[in-house]
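This report concerns only the one structure given below.
Bear in mind that the values in this text are calculations on the coordinates, not laboratory data. Note that the structure is predicted; figures quoted are calculated from it, not measured. Every residue, glycine among them, receives a Cβ derived from its backbone with ideal geometry; neighbour counts consider all protein chains shown.
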Amino acid sequence: MKEIRIFDKTGAFAGNKDIARDIRLNEILKYIGDENKIVLDFSGVESATQSFIHALISDVIRQRGINVLERIYFKNCSITIQKIISIVTEYMQESNY
């Protein structure tokens with residue numbers, strides 16, 4: 001299982017879509033494969049934009065299917081970040097990616 005500390009890349013506010021894209025391309029998609037699990041640790045991150053979360057996970061869902069979320073764990077998320085993750089994942093399910 002690979003753990004990615006979001007704070008180390010963004011600081012307390014995760015808002016830069018380019019950073020999210022880099023995490024997605026260089027870490028999540030390269031590692032997730034068919035069996036691997038990833039922990040996205042949001043310790044210290046106070047807030048994030050919806051566009052950051054969307055850039056972080058929506059293309060992973062498009063490429064691997066919605067069941068990929070069974071292998072991505074969101075750790076130490078504030079209530080705000082939890083809500084944003086829910087919004088993005090619900091949108092992806094409704095849009096049939």
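Let me check the size of the chain from its C-alpha atoms; what are the radius of gyration and Dmax in Å?
12.1, 32
Given H placed on each backbone N at 1.01 Å, which residues far from TYR73 in sequence or on other chains put an amide H within less than 5 Å of it?
Counting only residues 5 or more places away or on other chains, the set is ILE38, VAL39, LEU40.
In deg cm²/dmol, rounded to 500, what helix-only [θ] at 222 nm does the chain give when every DSSP H run of at least 4 residues adds -39500 (n - 2.57) and the total is split over its residues?
For the chain, the value works out to -14000 deg cm²/dmol.
What's the FRET efficiency of VAL39 with ILE87 using the Cβ-Cβ distance as r and R₀ = 30 Å, to the nearest 0.05?
0.90
Looking at the chain, send over the antiparallel percent of its DSSP beta bridges, to the nearest 5.
Here the antiparallel bridges make up roughly 0 percent for the chain.
Report the residues of the stretch 23-50 in range of a label on LYS75: point 7 Å along Cα→C-beta, backbone N strictly under 13 Å from it.
37-44
Starting with the fewest neighbours, write out THR80, THR49, THR10 ranked by other beta-carbon atoms found within 10 Å of each beta-carbon.
Neighbour counts put them in this order, fewest first: THR80, THR49, THR10.
Mind putting a number on the dipole of the chain about its Cα centre? Charges go on the C-beta only, +1 for Lys and Arg and -1 for Asp and Glu, and I need it in Debye to the nearest 20.
80 debye
If the reach is capped at under 20 angstrom between alpha carbons, list the aspartates and glutamates near LYS2, excluding any in the same chain fewer than eight residues apart.
Once the sequence-local aspartates and glutamates are set aside, what remains near LYS2 is ASP22, GLU27, ASP34, GLU35, ASP41, ASP59, GLU70.
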